[in-house]
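Peer 1: Structure incoming, see below.
The values are calculated or read from the model by the stated rules, or taken from the named source; none is laboratory data. Everything quoted here is computed from the prediction, not taken from an experiment. Note that we place each Cβ from the backbone using ideal geometry, even for glycine, and neighbour counts take in every protein chain shown. When the accessible area is computed, the model is the full protein with side chains, heavy atoms only, and any ligands, DNA or RNA have been set aside. Shrake-Rupley method; radii C 1.70, N 1.55, O 1.52, S 1.80 Å.
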Amino acid sequence: ANTAAPEALAGPALLAALRAGGYVLYLRHTSTDFGQSDAPTSDYANCATQRNLTDAGRAEARAIAAALQSLRIPIGTVLASPWCRTMETGRLAFGAATPSLAVRGGPARPDQPDRYAELRALLGTPVARGTNVAIASHGNPFRAVAGPPHLAEGETAVVEPLGEGRFRIVARIPKDGWAGLQR
């Protein structure tokens, strides 16, 4: 369903492409406290039962926001997994976050062969020029639709939608790699 080609864009060429828009920026939530575990829940608003962002994770998300603003990368729609860490990452990095079950975390199970069909469709849906769609989510959903390797916490995959559920990953930007787009 996708083409995970070697990174096709980097540095100033990637920055120019992002400024022109038409991409999906898939951001895995920033740093979390792995000493916390997610309890099974359907109450995504109950942050006490979840692994949450650390202070460092909040600072990382704010740094991404500052970089996006400084680099003049336009962001339109922002979707986030409804878990607290992804909603907070979306709000801090992109200024907003609309919860979406289509991008929620959790591994795919054998009894759910279409678990990430909606995410695959979102990644393959063309984005209007002049803006980019942002998704704040988890590592498992992205790996399930794009293949390995996992995104690190705070890492962004730049996805070029090709239509009909197909997409191509054109770059991966580590949480501290945004400044490198100017070089």
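Peer 1: Are any residues in the stretch 74-91 crowded, with 21+ Cβ neighbours inside 10 Å and closer than 12 Å to A134 by Cβ, and if so, which ones?
Peer 2: V78, L79, A80, T86, T89, G90
Peer 1: Touching a residue at least 12 places away in the same chain (Cβ under 8 Å), open to solvent by 10 Å² or more (accessible area, probe 1.4 Å), in a helix (DSSP H, G or I) and more than 17 Å from F142 (Cβ to Cβ): is that true of A56 in this structure?
Peer 2: It is true that A56 is touching a residue at least 12 places away in the same chain (Cβ under 8 Å), open to solvent by 10 Å² or more (accessible area, probe 1.4 Å), in a helix (DSSP H, G or I) and more than 17 Å from F142 (Cβ to Cβ).
Peer 1: Only residues that are under 11 Å from E160 (Cα atoms) and not β-branched (V, I, T): list them for the stretch 123-136, please.
Peer 2: Residues satisfying the conditions are L123, G124, P126, N132.
Peer 1: Here's a follow-up. Considering only the stretch 9-53, how many residues are assigned to a loop (DSSP other than H, G, I, E, B) and of a type in the set (A, V, I, L, M)?
Peer 2: Within the stretch 9-53, residues that are assigned to a loop (DSSP other than H, G, I, E, B) and of a type in the set (A, V, I, L, M) number 4.
Peer 1: Please go through the stretch 127-183 and pick out each residue that is crowded, with 21+ Cβ neighbours inside 10 Å, small (G, A, S) and more than 11 Å from the chain's Cα centre (by Cα).
Peer 2: The answer is A146, A171.
Peer 1: How do the pairs read when you match residues in the stretch 109-123 that are among the aromatic types (F, W, Y) with residues anywhere that are surrounded by 10 or more Cβ atoms within 10 Å (Cβ to Cβ), using Cβ under 6 Å and keeping only pairs 6 or more apart or on different chains?
Peer 2: Qualifying pairs under 6 Å: Y116/P141; Y116/A144; Y116/V145.
Peer 1: Right, another one. For the stretch 18-48, enumerate the residues that are polar (S, T, N, Q), surrounded by 14 or more Cβ atoms within 10 Å (Cβ to Cβ) and modelled with pLDDT under 85.
Peer 2: Q36
Peer 1: Tally time: how many residues in the stretch 113-138 are out of contact with any Pro (no Cβ under 7 Å at 6 or more places or on another chain) and within 25 Å of Q69 (Cα to Cα)?
Peer 2: So the count comes out to 9.
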